[in-house]
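The values are calculated or read from the model by the stated rules, or taken from the named source; none is laboratory data. Remember, predicted model here, so these are calculated numbers, not experimental data. Because the Cβ atoms are built from the backbone with ideal geometry, glycine has one as well, and the counts that use them run over all protein chains shown.
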């Protein structure tokens, strides 16, 4: 992933996993980076060295000046960390007396001014961009959304800034294909669990790759990049909310005989922000909440509405005959 330096602190991981009751009112729900709180500038990714060794830190805003942090030895996910959870540390930070005070790696530190300081070491806040961001449709691709209209979809249409909203079904139905899509998660710092920016991409309206603000979490099957209820991603590549992200997916439809009996499971390969997180994974069943059950007929793409604002753009597909 391309990295550019910008600006940029931490309650335990369980506090994010803990589920909120559906419909709970939240202090802040924003799909607009211009409408955020002071904690938004502190959240994000930091990169540098600690005691002479490369590390990365992800800082998760939890609302009210509180944060969770994850330290990755070797670098950020997708930029050096091996995925070995024994090479991680957890910490937290809180805003007090106008300063964000950090406890991480058994050390005390601070956050602010685009820097994370622990002892004598300083990490810089970075903003990474997927290498497939803005990918152009190849010859023969079907452009499903390019910001000019939502005519290829049945659902909630476009936002005022010409992005595709959550809650859509493609009018065209598909069997096997390769697809590129880009998505933006809402900033909901005081939300938890499945209430934190939830949507989902469903191949054939049957098999879900989760869309969720899972930044800084461990990466479960019900978190971003997970094949819901089937397989966790090999690596949690979720970026912070209000940063554009990419999915590049190869989907092979299930095969059925003339009597409608399944002969072969569907398969899926997924790159999240340019990093391979699933390779040729068999899908033995449809997702529980899928709009369509398994079957031999083609199905529409489905962008789930789970009561959270999520935006999509640059969606194109290449059918694989």
Can we say residue 235 is surrounded by fewer than 22 Cβ atoms within 10 Å (Cβ to Cβ) and in a loop (DSSP other than H, G, I, E, B)?
yes
How many residues, within region 172-191, are under 19 Å from residue 313 (Cα atoms) and in a loop (DSSP other than H, G, I, E, B)?
1
Conditions (1) in a strand (DSSP E or B); (2) closer than 26 Å to residue 264 by Cα; number of the one not met by residue 205:
(1)
Please work out if residue 34 is in a loop (DSSP other than H, G, I, E, B), surrounded by fewer than 18 Cβ atoms within 10 Å (Cβ to Cβ) and modelled with pLDDT of 95 or more.
no
Is at least one residue of region 91-110 closer than 24 Å to residue 247 by Cβ and either within 19 Å of the chain's Cα centre (by Cα) or buried (at least 22 other Cβ atoms within 10 Å of the Cβ) (or both)?
no
Among strands (runs of 3 or more DSSP E) completely within region 88-152, the ones holding 1 or more residues that are within 30 Å of residue 317 (Cβ to Cβ) are 121-129, 142-145
Residues of region 282-292 being more than 22 Å from residue 315 (Cβ to Cβ) and touching a strand residue (DSSP E or B) at 6+ places or on another chain (Cβ under 6 Å), which ones?
282
Looking at (1) under 30 Å from residue 148 (Cβ atoms); (2) in a loop (DSSP other than H, G, I, E, B); (3) touching a strand residue (DSSP E or B) at 6+ places or on another chain (Cβ under 8 Å), which is the one condition that is false for residue 295?
(1)
Go over the candidates 186, 160 one by one and state the one that is over 27 Å from residue 68 (Cα atoms), outside the structural domain of residue 92 (by TED's automatic domain parsing) and surrounded by fewer than 24 Cβ atoms within 10 Å (Cβ to Cβ).
160
Say we look at region 208-226 and pick out the residues that are in a strand (DSSP E or B) and under 12 Å from the mean Cα position of the chain (by Cα); which of these is farthest from residue 70 (Cα to Cα)?
209
